[in-house]
Amino acid sequence: QWRGLRLIDVSGIVTVVIVLYHNALAALADRIQHGLVTMPATFPLVGGVLLGPLVEEWIFRHVLWNMLDNSSSTAKARWTAALLTSAAFAAWHLPFNPQAPLMAHFCFGCAMAYARAKTGSMAVPYVIHALANAVFLLSN
């Protein structure tokens with residue numbers, strides 16, 4: 001159990017949130033690309049640097065991580081959490097950037113998982129993720 005909820009309940013809730021968030025972002029990106037919606041100048045900063053990493057780190061390094069790395073916190077549970085959350089993180093990014101190699105997102109996810117495991121905090125992976133997105137946006 002996870003704070004009074006069964007694992008199946010939590011996984012169902014997380015799945016619905018991921019699908020809704022992912023579909024909403026994909027639909028917005030499609031509308032922007034086809035000129036149906038104009039994008040404010042601050043959208044990349046707010047969406048790509050502040051909110052995106054916050055939501056993604058919460059989903060992958062908090063909710064999913066805690067579901068996989070149970071209270072025993074064995075090395076096996078931690079490795080399982082790190083690898084599975086990194087694979088999910090990589091798969092999540094495919095529709096947003098199909099040109100980027102899947103392995104690049106997987107390795108970045110592994111780095112964020114390492115930061116989460118070493119610090120026990122979501123703050124460090126969030127800051128790294130936000131800075132990486134800022135560098136990516138500034139370089140394009």
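The values are calculated or read from the model by the stated rules, or taken from the named source; none is laboratory data. None of the values given here were measured: they were computed from a predicted structure. Note that each Cβ is placed from the backbone with ideal geometry, even for glycine, and that neighbours are counted across all protein chains shown. Surface areas here come from the heavy atoms of the whole protein model, side chains and all, with no ligands, DNA or RNA. Shrake-Rupley method; radii C 1.70, N 1.55, O 1.52, S 1.80 Å.
Considering only the stretch 95-110, state which residues are open to solvent by less than 70 Å² (accessible area, probe 1.4 Å) and of a type outside the set (A, V, I, L, M, F, W, C).
Of everything in the stretch 95-110, those that are open to solvent by less than 70 Å² (accessible area, probe 1.4 Å) and of a type outside the set (A, V, I, L, M, F, W, C) turn out to be N97, H105, G109.
Among the numbered criteria (1) open to solvent by 60 Å² or more (accessible area, probe 1.4 Å); (2) modelled with pLDDT of 85 or more, which single criterion is violated by F136?
Evaluating F136 over (1) open to solvent by 60 Å² or more (accessible area, probe 1.4 Å); (2) modelled with pLDDT of 85 or more leaves (2) as the failure.
I want to confirm something. Restricting to the stretch 69-86 and keeping residues that are surrounded by fewer than 16 Cβ atoms within 10 Å (Cβ to Cβ) and among the aliphatic types (A, V, I, L, M), which single residue is modelled with the highest pLDDT?
Ranking the candidates gives L83 first.
Can you find a residue in the stretch 116-124 that is on the phi > 0 side of the Ramachandran plot, surrounded by fewer than 16 Cβ atoms within 10 Å (Cβ to Cβ) and modelled with pLDDT of 80 or more?
yes
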